[in-house]
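To start, the structure itself, in structure tokens.
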Amino acid sequence: MKIGLDSIGFYTSRYYLDIEELARARCVDAAKYKVGLGQNRMSVAPPSEDPVTLGANAALQALEGTPREDIAALLFATETSVDQSKAGGIYIHRLLDLPSRCRVVELKQACYGSTAAVQFAVALVAREPSSKVLVVASDISRYGLGSPGEPTQGCGAVAMVVSAKPRLLAIEPEHGVHTEEVMDFWRPNYRQEAVVDGKYSARLYTQVLLETFEQYKRESGRGLGDIQHFCYHLPFSRMAEKAHAALHKAQLGAAPGSKTLQVQIGDTLHYNRQTGNSYSAAIYAGLASLLDRSEQPLEGRRVGFYSYGSGCVGEFFSGVVQPGYRRDLGSAARLEMLSSRNALSIEGYEAMFNYAIPTDGSFLEIPIHDVGRFRLAAIRDHKRIYEAVN
Ligand code: CAA
């Protein structure tokens, strides 16, 4: 039985900061951010967007054409949760009018949480093949104004319906996985911004890739030549290029040429260059980018996935693109969303970054911004109040 991704939705904030504007403000050569990190724009979440609204908008797309009553579980992956107790997915469950006979839970392991959710969803569907599971990965990445991580900040959400007889991608069972307790990136409960040892995290990302790929190779009997495209976790786009070069060197003794690099990962990077890091969503935003932007039909092609979550857990697995995947893909809406966003000035970005919500339970009405179909409207008595827009 084939199990995998039946549909995909991707959403990011309607506001962005051009990376050249940020470079100017920080007195840094723009080429460092554009070439050295591979970023063009940074999505900035206004106060009325949070991981719940971003996720609900992505889920709305992913659920198009799927009867709500088919959804037996909603797995919400985030590392920028809005509550220490209640799963953010429960708000999404209400906003999307999902059936009450539906399990909802939140999963966290840095940027790896989404892949854990996908693998758990596959297992749930294997037990009950007539059911479908909605996976939503959603995050807002924050490192702090003026920090080395600032140009990699961003936000976004991806939602995927996992089912038997999937229309987009059948997930293969073989995988490599590695867990190790390390402190490369973390965010204590009392902090709004992540603490990160950036260079160390990039080294670990690559080491764990090499280790998990070896495991995958042993288990599947497949090598690099059996995989046509690679979706990497994307903390910034250049990270994928560097990691892919390291994987080629380790497996084949030489780095890939620029044409190979372009064919194997080029199309996975378009969306990340426009949004910045969306943590748990980033790897699957790479998949949406590949499916939407590849000029070559991808039917029958194998895609390798490398998911890395600091702390750390890494996993390498693969999937095969299904015949007719373009039929209900919904690419046009995503392309339109990305091309019709609002540019912010540096002052506008910093004001959104510094916007604080009360922590004493007092009432706050959130200003109106350009958002998708859902918004955070107010905070009252420590409760977040979400509403549908038009
Ligand atoms: N023109 C072109 N390139 C330039 C340049 C210029 N004028 N100036 C610098 N560069 C290049 C550098 O050579 C470097 O490229 P190489 O690594 O290929 O040599 C690149 O730009 C970045 O320069 P630095 O290494 O000097 O940058 P930095 O130290 O200021 O910050 C960073 C880089 C450490 C990645 C920082 O952005 C950071 O801390 N990011 C957050 C952590 C992160 O993204 N880690 C990734 C792995 S962990 C993970 O994946 C989980 C997660 O989501 C966080």
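Where the convex hull is taken over the Cα atoms of the stretch 200-348, what is its projected area averaged over directions, in nm²?
Values: hull surface 41.4 nm².
So the mean shadow area of the Cα hull is 10.4 nm².
Rg/Rh, computed from the Cα trace of the stretch 97-244 with Rh as the Kirkwood radius, has the value 0.98.
Just to be sure I understand: if I project the alpha-carbon convex hull of the stretch 1-144 onto a plane and average over all orientations, what area do I get in nm²? Present the calculation step by step, with values, prior to reporting the outcome.
Working: hull surface 41.1 nm².
Quarter of the Cα hull surface area: 10.3 nm².
Could you give log10 I(q)/I(0) at q = 0.16 Å⁻¹ for the stretch 1-81, computed by the Debye formula over C-alpha point scatterers of equal weight, without solvent? Here the Debye-derived log intensity ratios amount to -0.80.
Extension gain, Glu295 to Ser345: 0.36 nm times the residue separation minus the Cα-Cα distance gives 14.6 nm.
How big is the charge dipole of the chain about its Cα centre, in debye rounded to the nearest 20, if each Lys and Arg gets +1 on its Cβ and each Asp and Glu gets -1 on its Cβ?
On the way: 42 positive and 43 negative charges, 116 e Å.
Dipole of the chain, to the nearest 20 debye: 560 debye.
As a rough footprinting exposure proxy, the listed residues Leu124, Leu96, Leu291, Leu335 were ranked by other beta carbons within 10 Å of their own, and the order from fewest upward is Leu335, Leu124, Leu96, Leu291.
Ordered by the number of other Cβ atoms lying within 10 Å of each residue's own Cβ, fewest first, Phe363, Phe353, Phe76, Phe305 fall into the sequence Phe363, Phe353, Phe305, Phe76.
Under 5 Å from the amide H of Tyr15 lie the amide H atoms of Val44, Asn342, each residue being 5 or more positions distant or on a separate chain, with H modelled from the backbone and absent for Pro and chain starts.
Could you estimate the translational diffusion coefficient of the stretch 288-338 from the Stokes-Einstein equation, with Rh from the Kirkwood formula over C-alpha pairs, at 4 °C and 1.567 mPa s, in whole µm²/s?
Details: Rh = 12.8 Å.
The Stokes-Einstein estimate is 101 µm²/s.
Computed about the Cα centre, the dipole magnitude for the stretch 1-154 is approximately 200 debye when only Lys and Arg (+1) and Asp and Glu (-1) carry charge, each at its Cβ.
Please arrange Asp6, Asp139, Asp360 by counting, for each residue, the other beta carbons lying within 10 Å of its beta carbon, fewest first. Please report the intermediate quantities before stating the final value.
Numbers: Asp6 24, Asp139 28, Asp360 5.
Exposure proxy ranking, most exposed first: Asp360, Asp6, Asp139.
Ordered from longest to shortest, the equivalent ellipsoid semi-axes for the stretch 245-319 are 19, 19, 13 Å, each the square root of 5 times a Cα gyration tensor eigenvalue. Per residue, the convex hull around the alpha carbon atoms of the stretch 181-250 comes to 115 Å³.
Working value for the chain: equivalent-ellipsoid semi-axes of 30, 26, 19 Å, each the square root of 5 times a Cα gyration tensor eigenvalue, largest first. Mark the label point 7 Å from the Cα of Arg26 along Cα→Cβ and return the residues of the stretch 344-359 whose backbone N is within less than 14 Å of it. The answer is 346, 350, whose backbone nitrogens lie closer than 14 Å to the label point. The calculated P(r) of the stretch 121-207, using every Cα pair and 5 Å bins from 0, goes 3, 10, 15, 15, 15, 14, 13, 10, 4, 1, 0 in percent.
Start at zero, step by 5 Å, and the Cα-Cα distances of the stretch 106-150 spread as 5, 19, 21, 16, 13, 10, 6, 5, 4, 2, 0 percent across the bins. In the P(r) worked out for the stretch 286-390, what percent of Cα pairs fall beyond 16 Å? The calculated P(r) of the stretch 286-390 puts 75 percent of pairs beyond 16 Å. Each peptide in 152-158, 342-348, 48-54 receives the mean, over its residues, of other Cβ atoms within 10 Å, and ordering these scores from highest gives 152-158, 48-54, 342-348.
The count of lysine pairs in the chain that are at least 8 places apart or cross chains, and whose C-alpha atoms lie under 16 Å apart, stands at 12.
Dipole magnitude for the stretch 279-390: computed about the Cα centre from +1 point charges on Lys and Arg Cβ and -1 point charges on Asp and Glu Cβ, it is near 400 debye. The value of relative contact order for the chain, using C-alpha pairs under 8 Å at least six residues apart, is 24 percent.
Bear in mind these aren't lab numbers, they're just calculated from the coordinates by the rules spelled out. As the structure is a prediction and not an experimental result, all values here were calculated from the model. Cβ: placed from backbone, ideal geometry, glycine included. Neighbour counts: every protein chain shown.
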